[in-house]
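To start, the structure under review is shown below, and the notes come after it.
The values are calculated or read from the model by the stated rules, or taken from the named source; none is laboratory data. The structure displayed is predicted, hence computed values, not measured ones. Because the Cβ atoms are built from the backbone with ideal geometry, glycine has one as well, and the counts that use them run over all protein chains shown.
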Amino acid sequence: MLYIKNIEEGRKVFNALGSELRIEIIKLLIEHTEMNMNELASSLGVTNGALTSHIRKLEDSGIIRVITEHNGHGNQKICRVNIDRLLVDIAPKQSDDGKNTYTTDIKVGCFSDYQILPTCGLASNRAIVGEVDDPRYFAHPDRFKADIVWFTKGYVEYMIPNMVPPHRQIDQVTISLELGSEAPGINSDWPSDITICINNVEVGMWTSPGDFGDVQGIFTPDWWFPNWNQYGLLKMIVVNQSGTFMDGLKISGVTIEDLNLGRRNPLKLKFEVKEDAANAGGLTIFGCNFGNYNQDIKVRVHYSPVKNENE
């Protein structure tokens, strides 16, 4: 997902989409997954020289990714679509000035509780933590260094600091992180139903389409194994007074009032693949130094003055 927070920030994307030819390029890449420059030029009936500037605009905007592959006949540029969803905030939020919000980043290894089944493991940007497929290492102190976590079934739960000031109420919680499935090896067609809970309330479920490893993740370290999960999809979960949303689409009617998020209450965030899930395809959480987005679990809490002082 590409998240554009305001109109000005999205200028490159809007310019890139303002061409019929570039729209056709995107449609072709979606249909064929990937194409080289010669294939694109031939399909569109244009020269390679005319195509180059259009590809550059799409790449600069983040919509497509261009990879140079080396073969016995020289180099060729392979083009792929780089995003699965585009989310644009037209109007900036009033709380974006930071006066009525607090933000925190949670490392993916800093979970407070877990119950998982192999295949499983953790790794920092330097090495595997302990042994692969041994759940005991999810309790090892080195787990706090982990930048990637994966398992087949079960859950990990994180304790989010509740730093809401006195006489304030929580109006919205926004969470963003990079997620994928967990297949034996890699498999882009490996769906997994991932349930999200806040304070033991199921706020929604998202089906990850696969465990991606067709190319190395942009930030995945070079020592990482090429036949292991390389990157996920960036997902944004929002819970407010209108319900629960993922990437701007409503996924449940659970509202912020349903979560019992008083100022003195902790915030517990859980990601789970249930034993009886229709698609029990595992879960991978990518943090800093892995995947395509180089971020930990980002949490933003919006708050406002308490309407009822007898909270």
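Brief remarks follow.
- Of residues in segment 61-81 being more than 30 Å from Glu9 (Cβ to Cβ) and in a strand (DSSP E or B), the one farthest from the chain's Cα centre (by Cα): Gly74
- Restricted to segment 104-139, and to residues there that are among the charged types (D, E, K, R), touching a residue at least 24 places away in the same chain (Cβ under 8 Å) and within 22 Å of Asp211 (Cα to Cα), the residue that is surrounded by the most Cβ atoms within 10 Å (Cβ to Cβ) is Lys107.
- Within segment 13-60, tally of residues that are loosely packed, with under 13 Cβ neighbours inside 10 Å, assigned to a helix (DSSP H, G or I) and either touching a residue at least 40 places away in the same chain (Cβ under 8 Å) or not assigned by TED's automatic domain parsing to the domain that holds Gln76 (or both): 1
- Candidates Ile25, Ile78, Ile67 - the one that is touching an Asp or Glu at 6+ places or on another chain (Cβ under 6 Å), of a type in the set (A, V, I, L, M) and over 25 Å from Met236 (Cα atoms): Ile78
- Qualifying residues in segment 3-12 (those that are surrounded by 15 or more Cβ atoms within 10 Å (Cβ to Cβ) and assigned to a helix (DSSP H, G or I)) - the one modelled with the highest pLDDT: Lys12
- Segment 170-226: number of residues that are in contact (Cβ under 8 Å) with a residue 40 or more places away in the chain, surrounded by fewer than 18 Cβ atoms within 10 Å (Cβ to Cβ) and among the polar types (S, T, N, Q): 4
- Every condition in (1) at pLDDT 95 or above; (2) closer than 30 Å to Gln241 by Cβ; (3) out of contact with any helix residue (DSSP H, G or I) (no Cβ under 9 Å at 6 or more places or on another chain) is met by Ile160 except one, and the failing one is (1).
- With respect to (1) crowded, with 19+ Cβ neighbours inside 10 Å; (2) touching a strand residue (DSSP E or B) at 6+ places or on another chain (Cβ under 6 Å), the lone exception for Asp147 is condition (2).
- Among the residues of segment 198-216, just one is among the acidic types (Asp, Glu) and part of a loop (DSSP other than H, G, I, E, B), namely Asp214.
- Ser192 falls short on exactly one of the conditions (1) farther than 16 Å from Leu261 by Cβ; (2) in contact with a Cys (Cβ under 7 Å, 6 or more places away or on another chain), and that condition is (2).
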